[in-house]
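Data block below; observations after.
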Amino acid sequence: MYFADEPEHIRLLRDSMRRFAEREMPPEAVRRWEREATSPPELFAKLAETGVCGLTVPEEFGGAGRDIVAAVAVIDELSQHGTAAAGPFIHCAFYGGLNISENGSEAQRHELLPKLARGELLMAYGLSEPNVGGDLPSVETTGRRSRDGQSVVINGTKRWCTAARIADYIICLLRSDAEAPRYRNLSLVLVPTEAPGITMSDLEHQGLRYTATCDVTFDDVEVPIANVLGGPEGWNRGWSVLAGPALDVEKLEITAVALGVATAALEEAWSYAQERRQFGQPICAHQSVRHALVEARTKLAASRHMLYHAAWLADQGRPCSVETSMAKLYVADTAVDIVIECQRVMGAYGCSGEFDMERHLRDITLMPIVGGSSRMQKNNIANRLGLPG
Ligand SMILES: Cc1cc2nc3c(=O)[nH]c(=O)nc-3n(C[C@H](O)[C@H](O)[C@H](O)COP(=O)(O)OP(=O)(O)OC[C@H]3O[C@@H](n4cnc5c(N)ncnc54)[C@H](O)[C@@H]3O)c2cc1C
């Protein structure tokens, strides 16, 4: 679908992503990959050839310059065809390209950004742990400086580390100081997934099945101090990086997945309702079905405005922490409502393997949980707006 308010380059980008998905992601293959919780590396390699991985990387490092709206549109379009391409794109362009551009040291930017712009690196996030979900400042995985200060020794377990098996680095949130006060005792460290002392085990999960999500255990894993995000100066400053402007933008990518999945669900229900006949007419002629579809389309339009407005603010470098939290909260929750209603419109066929609706539902119900839950977004918004409590 095109939107009259979108600039020409975004329309062309949507066109190109749509053609890519039609060519490289046949629905049968997408269903098979999803069942197997995988996506073929060649698929992402072909996506990278289109140049989209450079959308979050400055031109001096081989990227196209920072264009958050365009990168969000890529996720939105690709997610309308499952998460097999959108997922790895996020791990490259957002967890990698955007994050390193904004938070990396000069050495990290020079080493990693050209590869990220070419789609040659993937990054996973290691934030959650068995005992830690929303309360991230309480992470228990430790990072200790070696005696000579030149390396970091990591011990502990990260949980739900999506893409750990296919990523080149895990960006780990570590408790790096046993004495320092809360929030000033944390570091983010780039840990190569090949480092000795790392073991992984897969966790079963219902949606976002473009790859495995894992428990990752670190047993005296040693990495150079230069791998602290932002360089050695980033030691004990992990929280200000994680909770700063970069995280404001990071909320947008899962919001874009929610919008893409809800869009696909609505398109499926919209066309099904015109073909399926009951009581002598297409079900879309029954007023309650008709109204359900139109309500879903209206909610989708509102969601789209919230997401792209927040992305535009981020592009302009304006403060956007409230707007990105509101977009994540509203779009994730609304997308769940949309998909549930679309499934009901399709009746039994909405639950069958013959259509994609059952996958859309499994994907969409994760959206208010992952990437900062809806309840946590409400806390963020209240705090940022200074509501006493
Ligand atoms: C498929 C999948 C992929 C994931 N991928 C990753 C990943 O790649 N990297 C990563 O680090 N994590 C990942 N996660 C973890 C995800 O980000 C967490 O699930 C999320 O942060 C919430 O943590 P939790 O589920 O442990 O919930 P908890 O923090 O235990 O919260 C449980 C419930 O209590 C509510 N709650 C908790 N605290 C508060 C509060 N202060 N106020 C109000 N309500 C509160 C929550 O909103 C939630 O409803 C993934 C999870 C899934 C399911």
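Throughout, read-outs are computed from the coordinates displayed, never taken from laboratory work. Please read these numbers as outputs of a predicted model, since none were measured by experiment. Ideal geometry is used to build each Cβ from the backbone, glycine not excepted, and the neighbour counts take in all protein chains shown.
What to note about this one:
- In terms of its C-alpha gyration tensor, the stretch 244-384 comes out prolate, because a/c is 1.5 or above and the ratio a/b outweighs b/c.
- Neighbourhood charge, 12 Å Cβ-Cβ cut-off, centred on V189 and excluding it, Lys, Arg +1 and Asp, Glu -1: +4
- Potential extension, A178-R23 segment - 0.36 nm per residue separation minus Cα distance: 50.5 nm
- Packing-based order for 272-278, 103-109, 362-368, using average beta carbon neighbours within 10 Å, highest first: 362-368, 103-109, 272-278
- Rounded if a/c under 1.5, otherwise prolate or oblate - the stretch 186-264, Cα gyration tensor axes: oblate
- Simple spin-label estimate for E222 and N155 gives 1.5 nm between the two label positions (7 Å along the Cα-to-Cβ direction from each Cα).
- A simple spin-label model places the labels of H205 and T365 1.6 nm from each other, with each point 7 Å out along Cα-to-Cβ.
- The stretch 327-373 - charge dipole about Cα centre, Lys and Arg +1 at Cβ, Asp and Glu -1, debye rounded to 20: 120
- Ignoring lysines fewer than eight residues from K328 along the same chain, the ones with Cα atoms less than 19 angstrom from its Cα are K251, K299, K378.
- Local charge for V249 was computed over the other residues whose Cβ lies under 14 Å away, with Lys and Arg +1 and Asp and Glu -1, and equals -3.
- The packing ranking, built from the mean of other Cβ atoms within 10 Å per residue, places the peptides 64-74, 241-251 in the order 64-74, 241-251, highest first.
- Placing unit charges on the Cβ atoms of the charged side chains and taking the dipole of the chain about its Cα centre, the candidate lying farthest along the positive direction among S128, W160, A269 is A269.
- Rough spin-label spacing in nm, given labels placed 7 Å along Cα→Cβ, for E354 and S138: 4.8
- The helix-based estimate of mean residue ellipticity at 222 nm for the chain, built from -39,500 (n - 2.57) per DSSP H run of four or more residues and divided by its residue count, is -14500 deg cm²/dmol to the nearest 500.
- Ranked packing of 49-56, 253-260, most packed first, by mean Cβ within 10 Å: 253-260, 49-56
- In terms of its alpha-carbon gyration tensor, the stretch 62-118 comes out prolate; a/c meets the 1.5 threshold, and the first ratio a/b outweighs b/c.
- Antiparallel DSSP beta bridges within the chain, as percent of all bridges there, nearest 5: 85
- For the stretch 124-238, convex hull of alpha carbons as volume per residue, Å³: 95
- Taking only the alpha carbons of the stretch 8-121, we obtain Rg and Dmax values of 13.9, 44 Å in that order.
- Calculated FRET value between E106 and T50, using beta carbons and R₀ = 35 Å, to 0.05: 0.75
- Span from the the stretch 257-298 Cα centroid across to the the stretch 2-70 one, whole angstrom: 27
- Dipole orientation for the stretch 8-121: of the candidates S79, A29, S105, A29 has the Cα lying most toward the positive pole (charges on Cβ; Lys, Arg +1; Asp, Glu -1).
- Directionally averaged shadow of the chain, computed from the convex hull of its alpha-carbon atoms, nm²: 19.7
- Rounded to the nearest 20, the Cβ-based charge dipole of the chain about its Cα centre (Lys and Arg +1, Asp and Glu -1) stands at 800 debye.
- Gain in span if fully extended, H291 to E275, counting 0.36 nm per residue against the direct Cα distance: 4.1 nm
- Additional length obtainable on full extension of the chain from H309 to R35, 0.36 nm per residue less Cα span: 95.2 nm
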